[in-house]
1. For residue A:46, are the conditions met, namely being away from every other protein chain (no Cβ under 11 Å) and surrounded by 15 or more Cβ atoms within 10 Å (Cβ to Cβ)?
2. Give the residue that is nearest to residue B:375 (Cα to Cα), with candidates limited to residues of the range B:298-318 that are part of a helix (DSSP H, G or I) and away from chain A (no Cβ under 14 Å).
3. Being out of contact with any strand residue (DSSP E or B) (no Cβ under 7 Å at 6 or more places or on another chain) and within 14 Å of another protein chain (Cβ to nearest Cβ) narrows it down to one residue among B:661, B:590, B:608; which is it?
4. Across the range B:207-223, which residue is farthest from residue A:74 (Cα to Cα) among those that are within 14 Å of chain A (Cβ to nearest Cβ) and assigned to a helix (DSSP H, G or I)?
5. Hey, does the range A:59-66 have a residue that's surrounded by 22 or more Cβ atoms within 10 Å (Cβ to Cβ) and more than 8 Å from every other protein chain (Cβ to nearest Cβ)?
6. Can you tell me which residue among B:167, B:147 is within 29 Å of residue B:291 (Cβ to Cβ) and either assigned to a helix (DSSP H, G or I) or out of contact with any strand residue (DSSP E or B) (no Cβ under 7 Å at 6 or more places or on another chain) (or both)?
7. Going through the range A:13-65 one residue at a time, which ones are within 14 Å of residue A:99 (Cα to Cα), touching a residue at least 60 places away in the same chain (Cβ under 8 Å) and in a helix (DSSP H, G or I)?
8. Considering only residues that are touching a residue at least 60 places away in the same chain (Cβ under 8 Å) and either outside the structural domain of residue B:235 (by TED's automatic domain parsing) or farther than 22 Å from residue B:422 by Cβ (or both), which ones fall in the range B:63-81?
């Protein structure tokens, strides 16, 4: 069961981060009327959350043992990489997008 | 005999598990003994009471194919209407009903039940067990599916079918714009059918995790099982948002609770979010089992182990999660904030990566092996051609500016048909032709199958490739006439002609299957020389699958010697000497045998229970709400009777599964299959609760509606009421925990009392809530209270059930009865009540 839980940890962390940043952005954008730009505080908050997520993924990657090579036994490691890559790629718009 | 690609640790496992072989017996005697115990009832009664996975799996698939044919006929009516610009074949009302029913039938009555049927029929054979974990649940799921489907079809025949499109967008599907019962038919019918999906998801999850042949490690099990595990988990998390949305919309239509009414603080986009939270994962729910079939068939057709077993498992893991981060790409044009568009666009592009990993693994397998062009391989090649094109147009649609141009045009219709027919129908045809010998025991009649394939391929691409162009030229979906657009005429006419060609192809395919079943010569065992356990049994497969169950010894070998070993009883738990249906329950990781589960036999209870639910649905459809409420009483009573059926009335002595290896039966073991099933069900329940929380958060944050009137929920008195409610449920949870540990009836009695106190507190709180018709948030508060109340009511029922078991002497220190299940449910109820109370109190305070 621990193996299964470790395998799910990376993608689960992505799901949490995706929901968190999406929810945070929703709350921030609800306060901004019309297509105005994001304030520096709001952007810092979003980028901070994203950075925190990446840090958590890196910590997970560091914790998960590298074993199993290319077999399914390496799923925890693969899951950790999947989660990290997904968080970096799907949330990188917090750096780029300028408005709600 | 695990997966051809998996690293061979099985021999070591065999020694580690130390399960000696049973002495060989006469195969025919074993077969007769097992066949008698696992047989369906004779005659027509057997049709109603069967609980065998073989019977019900095939019945699911056959019924789904009938619905596919009906959906196909509807599509031909659509194409006949669109063949000319001012078609008078259908009026607008009927056209709307027909395209809505076409989509709804294909998604809810064909694709999902077909994959459920394949999983139910195939998984026990592939995993080396005798049935699914909960045979009566399989049967209940089938009857709910059939009755729900028949309700929807009957509505179509009487001209009151849903007409708002298969995704039922509000406000079009609201009471103001869609009077009558048309939309209710969809909401209640689909929710009824989805009972079968959730039932299948629970038992597929438990069967894969707890019933694999001893020694079949999770990391070595057949890829089909990995795919089905991913699918079932997605169903557990993906269907609840749809159920939540359907319940909310039905409450709005029936009782004027304004969840989606902008004037009263609701938002139509909440429906879209909830629908697509289900709707997009649904695409992968459909695709994954099909991919599982491909991963099973391609290595056999290419005479080589599959390439990249580990990479494919990782890709499944990625797909399962990423597919839940894409739903907003169906809503790119509704005015979503730019940054959110970017999040979901990125996720939509990213999901192509794990899909591509699988495609390349399959291509690599074909490259490495020696492909043989049997009929299943034709359909696999059809899959590659079609699905890859559908995937690429999917990446196009993931790009926001293109999506804005192509949204709601025929381009999207073309894309989704490429994905669904390419990604599901072609693999299912490959699967049908591959496993038909196991189903019928007969060889196919050559010639017609190949011709059917070519007619389908030509017909499909002629219909839908052209439709991309029609869409790019601006033709919207779901219009019935286009008198002012002569440029679309020849494209539509071409699509219509080829659509009929495709239909002829499917009819030929069906005829080919019928010919094989009726005219085919007798097939030899294992005709494909496959390395998996599904072929290590007689043809056609018997209800019990294996006369003795495979263990580590059999898993480490391949070929006919395994088949003979199992048929002669050299495997584990041979025959059915105790006259009851037994199988092995194993551990999740290395599949170590833990105990013997005794399954219930044939029963009419699932049919009666589903008929009772159908009566509730029909009364709701008729607007007879008080009577519908009363109809839930027999449903509850039948569920009680169902629970009674779990109690063993025979000798619970340990069972010898191999010489010197004795295991307890399930009533004296923990955790049982039922407990694992409850955990799976609570995943779905948690997703339902999360969907309601999402709705509350969405309406609180995003909705630009006037704030609700100050809610009474934030007063001191209601705060105290909530504290009493949560406190009583917490104490009930503690009592349930103690009862499970000490087996003392006093704790169960205390738990029952605390639950009753919680129900009283909740009833008082419900009376303090604002009028739910006044504002959407008030309505959601009432729904949350209802959620907690329903769970507390069920917890009370479980506590009473346990008390009844004490009275009957069915609980003792070694036999915990219903206590473990009650404990888990009670803890879930307490936690959700606490969250709901905190959220409601905070939300009421700020509104």
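1. On the way: away from every other protein chain (no Cβ under 11 Å): no; surrounded by 15 or more Cβ atoms within 10 Å (Cβ to Cβ): yes.
When the stated conditions are applied, residue A:46 does not pass them.
2. Here is the first cut: in the range B:298-318, the ones part of a helix (DSSP H, G or I) are B:298-301, B:309-318.
Next cut, away from chain A (no Cβ under 14 Å) only: B:298-301.
Numbers: B:298: 12, B:299: 15, B:300: 13, B:301: 10 Å.
If we take residues in the range B:298-318 being part of a helix (DSSP H, G or I) and away from chain A (no Cβ under 14 Å), then B:301 is nearest to residue B:375 (Cα to Cα).
3. On the way: B:661 fails: within 14 Å of another protein chain (Cβ to nearest Cβ); B:608 fails: within 14 Å of another protein chain (Cβ to nearest Cβ).
Just a single option satisfies the conditions, and that option is B:590.
4. Just the residues of the range B:207-223 that are within 14 Å of chain A (Cβ to nearest Cβ), to begin with: B:208-210, B:212, B:216-223.
Filter once more, keeping what is assigned to a helix (DSSP H, G or I): B:208-210, B:218-220, B:223.
Details: B:208: 20, B:209: 19, B:210: 22, B:218: 12, B:219: 9, B:220: 12, B:223: 16 Å.
Once the filter is applied, the top-ranked residue is B:210.
5. Step one: of the range A:59-66, the residues surrounded by 22 or more Cβ atoms within 10 Å (Cβ to Cβ) are none.
There is no residue in the range A:59-66 that is surrounded by 22 or more Cβ atoms within 10 Å (Cβ to Cβ) and more than 8 Å from every other protein chain (Cβ to nearest Cβ).
6. Working: B:147 fails: within 29 Å of residue B:291 (Cβ to Cβ).
Within the list B:167, B:147, the selection yields B:167.
7. Correct list: A:25, A:28, A:29.
8. Those that are touching a residue at least 60 places away in the same chain (Cβ under 8 Å) and either outside the structural domain of residue B:235 (by TED's automatic domain parsing) or farther than 22 Å from residue B:422 by Cβ (or both): B:63, B:80, B:81.
The values are calculated or read from the model by the stated rules, or taken from the named source; none is laboratory data. Since the structure is predicted, the reported quantities are computational estimates derived from the model, not experimental observations. A quick note on method: Cβ atoms are made from the backbone with ideal geometry, for glycine too, and the neighbour counts reach across all protein chains shown.
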